[in-house]
Amino acid sequence: MVVLTTLTLKFTATAIHALAQISSLARLVYRSQRTRLYSDDACACLAMSFSLAWLACIWTPNLVDITTTEYVSYTQSIKALTYGMDSALVLAVIWLSRISLFLASTRILPVGFLHRSLPFSGLLLFIAMDTSSEIGPSHKCDSTGRASIVTEITFKFLSDIVIFAVPIIGFLSCSRNRHQAPDRVSLTLTSCAAATITATSIVHAIFLILGLEHLSDLTTAIESGVSLMAVNIAATVGVGL
């Protein structure tokens, strides 16, 4: 049986999210110098802010033990509030990273190819899934915990399909329009970022299903930080983005 101490998880989360925040700052500086900032950059900036707030939350003394969800010196209502805040912040990082990747991917599609309807409809879908996921964690300690886990995994699976589908559509359109070949670099980078996000999401889902709470908490920290880093690298390196 794998047992993680509170400090192990906190230091791991801090290291990963510190790198994610540095990559976010580098992205914003680089993109602002080379071109103007877009909505996907705004989402990455928000994700960075929530990441910083989450680190402050887990390091606040006597606020929350993220490995055991045990609370010290608080009433029951405050316990539920602090646990919900911890979950909401880390989920916000995860979903804002996905939204940022989705918006960046749709922006490099050929003009006129669902160029207006796809980002709008996709963004509404992501917001709906994020809202449902944010509501779910507050019930993890009661009998609806299993339903909350199923909801989270289902919505992440659907979003994985969406962020993979957009680059594929772009590759298909580029194969019919040779003059758009340079966009293949950006499409490849967004595909790699989508694959990275999906891989970390699958590992986290496995631990959730198996009921391994300590490893589930660890992979949540890893998934959120790695997702933000992958999106930032794709946006920074991809000149066409």
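Key figures
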{"read-out": "Which of W59, W95 has the fewest Cβ neighbours within 10 Å, and the rest in rising order", "value": "W59, W95"}
{"read-out": "Estimated FRET transfer efficiency (E213, L158; beta-carbon r; R0 41 Å; 0.05)", "value": "0.95"}
{"read-out": "Full-stretch length increase - A165, A147 - with 0.36 nm per residue and alpha-carbon distance subtracted", "value": "3.8 nm"}
{"read-out": "Inter-probe distance in nm under a simple model that places probes 7 Å from Cα toward Cβ, at V203 and A42", "value": "3.3"}
{"read-out": "R107-I22 FRET efficiency (beta carbon distance; Förster radius 22 Å; 0.05 resolution)", "value": "0.35"}
{"read-out": "Protection proxy ranking, peptides 190-201, 20-31, average beta carbon neighbours within 10 Å, highest first", "value": "190-201, 20-31"}
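The numbers here are math on the coordinates, done by the rules we state, and not lab data. No experiment lies behind these values; they were computed from the predicted model shown. Methodologically, a virtual Cβ is constructed for each residue, glycine included, from the backbone with ideal geometry; neighbour enumeration extends over all protein chains shown.
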